[in-house]
Amino acid sequence: MRLGLDILNIKDVQFAEKTSLSGGVLSINRRELQGLLQDDRRLSRVDIELAHPGDKCRILQVADVIEPRAKTRGSGNDFAGTLGRQGNVGEGTTCVLRGAAVVMSGGSAFLKDPIGGMIDMSGPAAEIGIYGKTHNIVVLPYPSAGTNLQDYAKALKVAGLKTAVYLAKTGEGLKPDENELYDLPPLPKVAIGLENLPKVAYIFAVLSTKHEPIIGEPILYGSNIDKTLPTVIHPNEVLDGAIISPYRAAGIETYVIQNHPIIKELYRRHGKDLCFTGVIITTAPDSEYEYERAATVVANIAKHILGVDGVVLNKTGMGAEEVVPARTAERCEELGVKTAYAMYLHGADQSDTSLGADTLFNMRGVDAIVNMGTTYMKHKLPAVDKIIGDPVSLPGGIPINGNIEVTVSAIKGALSQLGYSRIMAVRR
C-alpha cells in the first residue's frame, strides 16, 4: 500500500469572499462554510472563528483537533465511513494543509467538564501545547432543539471532518511545498531482503471502555469499536483517516493520529535497523475477563500471525486503562516477543501511587517503559483578551479569561499518549 502526502505549508488564515489558497495564505468564505455545516439538521447553527499564534486568545471546550486533509481526485475517500460511503484510504494521494488545524469546540456537555480541553494562543500554554503554534479554524456547532446528546456528539465530529476536507480541497492542483511517501508491501513481501533485521509491530490502543461509549461515535471507518476484537490494519490506514479519535481518549486527538509519531518513526527506521510489519489495533476493556482476552488475542497475533520479534505499544485513557497494555505486554513477553511501552502517567500529585512503576507495571519482563509526562504538573497562565467557546467561571468565581492555574492535562496538545509533545524531562 502506497500513500503520498502533498503538503502545503500554511502561513496565515483569513476570512474572504472566496475560499482559496495562494502563497501559503488560506482564505475562507465563512458564510459558505457555515452553510455546508448547517445542512446537518442536528445543528441549529455553526459559528466559525479564527485564532492565530501570538493572539491573546483562549479556546475552551476543545473536543477534538483535526488537520485539514483531502484525497485528490481518484485517490480514494475522505474519512471513509464517517463522511459518506465506505472506500479506500491509505493509498493514492492526500493533500495536507500543514500549519493549519480545525479545532472543534462544544464538547463540554458529554465531556462533563465546563472548561474541557483548552488552547492558549500565547503565553506558557502556547509554548507547551502544539496547537498554540497552528493557525486554528475554530468550529462551534450548536445542537438543534430535540437533538439528544449522542446525536450531537456525532454531528460535532462530522462537522469537524467536513471542515477539514472543505479547506484541504483548496490545495488540489497546487504544487506542494513538500512530499511524504509511506509505502509498505503486504505481509508476505514486507521482510524480503530484510531477513536479518528484527521484525517489529505497533499495538495501537484506540478506545477505552471504562466510560460508556457514545452510541454512533465514528472511530474506525465510521463505526464505534467498543466490541471489536483486536485486528491488524495497514499503518497507512491510520495516517489517512481510517481512525478518528474517540472523545474520551485522553491525549489522543485526530490531528495526532493523522501525524502518528510512533508509526512515522517505525517507517523511518524500516529497512535500516528494523522491519516494520504492521499495526494491531485494540481497545482497553474495563473487566478482567475482557482485558485478559484482548491481551491474549493481541499477543497471539503478534507472535503467531505477524511473527514479530518485538512490539511498541501505548495506552488510551487514564487510570484503569493502564492495566490492559501492561497485561498485553506481559503476555507478549511470555511468548518471547520483546515490548517497549510508551505512556504518560495519571495522578493527582507526586505522591499518587498510580505514578509508581512498581504498582500497575510490576509485571514479568515488562522493563522498557517510556514515560511521556505526568498529569499533575500545574501551570499559571496569564489573562487573555478573547475567549472562544462558552465562557465559564472557575471555582471561587475566577473568570476564565483572567489569570488562572491549570494542570498540564487541561492544555490540549501538551501531553500525548502517542508521543506528540513539546515537553521534555530533564534531570539536573
Given (1) acidic (D, E); (2) surrounded by 17 or more Cβ atoms within 10 Å (Cβ to Cβ); (3) farther than 21 Å from V312 by Cα, E253 misses just (3)
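Run down G132, G106, G117 and say which single residue is buried (at least 24 other Cβ atoms within 10 Å of the Cβ) and at pLDDT 90 or above.
G132
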Quick one: R331 ticks every box in (1) at pLDDT below 75; (2) over 25 Å from the mean Cα position of the chain (by Cα) bar one, so which box is it?
(1)
Could you grab me the full set of residues in region 257-273 that are open to solvent by less than 10 Å² (accessible area, probe 1.4 Å) and in contact with an Asp or Glu (Cβ under 9 Å, 6 or more places away or on another chain)?
Q258, N259
Is region 21-34 home to any residue that is open to solvent by 30 Å² or more (accessible area, probe 1.4 Å), touching a helix residue (DSSP H, G or I) at 6+ places or on another chain (Cβ under 6 Å) and either outside any loop (DSSP other than H, G, I, E, B) or free of Cβ contacts under 8 Å to residues at least 24 places away in the same chain (or both)?
no
Sort through Y247, Y289 and tell me the only one that's among the aromatic types (F, W, Y) and either without any contact (Cβ under 8 Å) to a residue 60 or more places away in the chain or open to solvent by 40 Å² or more (accessible area, probe 1.4 Å) (or both).
Y289
Log entry, pairs with first residue in region 82-93 being crowded, with 19+ Cβ neighbours inside 10 Å, second being among the hydrophobic types (A, V, I, L, M, F, W, C) and in a loop (DSSP other than H, G, I, E, B), beta carbons closer than 8 Å, six or more apart or on different chains, reads T82/I244; V89/F79; V89/A80; V89/A242; G90/M1; G90/A242; E91/M1
Filtering region 1-20 for residues that are open to solvent by 60 Å² or more (accessible area, probe 1.4 Å) and more than 14 Å from V138 (Cα to Cα) leaves a count of 5
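Residue-wise test of (1) open to solvent by 10 Å² or more (accessible area, probe 1.4 Å); (2) at pLDDT 95 or above.
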| position | (1), (2) |
| --- | --- |
| K157 | no, no |
| A164 | no, yes |
| A168 | no, yes |
| D177 | yes, yes |
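Residues checked against (1) of a type outside the set (K, R); (2) touching a helix residue (DSSP H, G or I) at 6+ places or on another chain (Cβ under 9 Å):
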residue: T254; (1), (2): yes, yes
residue: I262; (1), (2): yes, no
residue: R268; (1), (2): no, no
residue: G271; (1), (2): yes, no
residue: L274; (1), (2): yes, yes
residue: T283; (1), (2): yes, yes
residue: I301; (1), (2): yes, no
Whichever residue in region 148-168 is of a type outside the set (A, V, I, L, M, F, W, C) and farther than 14 Å from V102 by Cα and, among such residues, is nearest to the chain's Cα centre (by Cα)
K154
Members of region 154-178 that are more than 13 Å from D40 (Cβ to Cβ) and assigned to a helix (DSSP H, G or I):
A164, V165, Y166, L167, A168, K169, T170, G171
Taking into account only those residues within region 347-391 that are outside any loop (DSSP other than H, G, I, E, B) and open to solvent by 60 Å² or more (accessible area, probe 1.4 Å), which is modelled with the lowest pLDDT?
T353
In region 392-428, which residues are at pLDDT below 80, among the aliphatic types (A, V, I, L, M) and either in a loop (DSSP other than H, G, I, E, B) or open to solvent by less than 50 Å² (accessible area, probe 1.4 Å) (or both)?
V392, L394, I423, M424, A425, V426
Can you tell me how many residues within region 185-218 are closer than 14 Å to L306 by Cα and either in contact with a Leu (Cβ under 6 Å, 6 or more places away or on another chain) or open to solvent by less than 80 Å² (accessible area, probe 1.4 Å) (or both)?
11
Take K227 and decide whether it is farther than 18 Å from N77 by Cα, modelled with pLDDT under 90 and surrounded by fewer than 22 Cβ atoms within 10 Å (Cβ to Cβ).
yes
Among (1) open to solvent by less than 40 Å² (accessible area, probe 1.4 Å); (2) at pLDDT below 95; (3) part of a loop (DSSP other than H, G, I, E, B), which single condition is V308 missing?
(2)
Do we find a residue being closer than 25 Å to I388 by Cα, touching a residue at least 24 places away in the same chain (Cβ under 8 Å) and in contact with a Cys (Cβ under 6 Å, 6 or more places away or on another chain) anywhere in region 5-13?
no
Enumeration of residues in region 192-230 that are within 19 Å of the chain's Cα centre (by Cα) and assigned to a strand (DSSP E or B)
Y202, I203, F204, A205, V206, L207, S208, L220, S223
Any residue that is more than 21 Å from the chain's Cα centre (by Cα), among the β-branched types (V, I, T) and at pLDDT 85 or above - is there at least one of those in region 245-258?
no
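The values are calculated or read from the model by the stated rules, or taken from the named source; none is laboratory data. Everything numeric in this text was worked out from a predicted model, so none of it was measured. In this analysis, Cβ positions are derived from the backbone assuming ideal geometry, glycine residues included, and neighbour counts consider all displayed protein chains. Side chains included, ligands, DNA and RNA excluded: accessible areas come from the protein's heavy atoms. Shrake-Rupley method; radii C 1.70, N 1.55, O 1.52, S 1.80 Å.
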